[in-house]
Amino acid sequence: MANIDVICHLGQGCIRMDLSIFPWRNDLSSSINLSLTDELRAFVDANSGDGTLYATPSEFMRDLLRQHKSRQEAAAARDAILEGYHDAIDGRI
């Protein structure tokens with residue numbers, strides 16, 4: 001197993017500073033430690049760094065999470081539309 005640390009930041013870019021001075025610091029950044037198999041770590045490494053779309057493994061992982069979140073939101077919207085459609089068919093307005 002390989003380990004990778006992913007640091008998530010709001011906004012763009014990273015600023016190193018002592019976030020403990022901000023009461024809302026938990027909203028600014030958080031980190032998560034992921035245990036990956038060697039195969040998954042190789043996949044992350046192959047998709048980040050020189051010659052890839054992502055400069056760092058963190059950027060790659062953040063984009064994967066955003067894509068997954070977007071798919072879930074789209075599925076929820078689709079389900080709401082279908083529910084409304086079925087309500088209309090059944091005469092519930």
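The values are calculated or read from the model by the stated rules, or taken from the named source; none is laboratory data. If you're wondering where the values come from, they're calculated on a predicted model, not measured in any experiment. Ideal geometry is used to build each Cβ from the backbone, glycine not excepted, and the neighbour counts take in all protein chains shown.
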- Message: I need a count of the residues in the stretch 40-70 that are without any contact (Cβ under 8 Å) to a residue 24 or more places away in the chain, of a type in the set (Val, Ile, Thr) and in contact with a strand residue (DSSP E or B) (Cβ under 7 Å, 6 or more places away or on another chain).
- Response: 1
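Filter the helices (runs of 4 or more DSSP H) completely within the chain down to those with at least 1 residues that are modelled with pLDDT under 90 and exposed (fewer than 10 other Cβ atoms within 10 Å of the Cβ). Walk me through it before giving the result.
Values: elements: 25-28, 38-46, 57-89.
In the chain, the matching helices (runs of 4 or more DSSP H) lie at 25-28.
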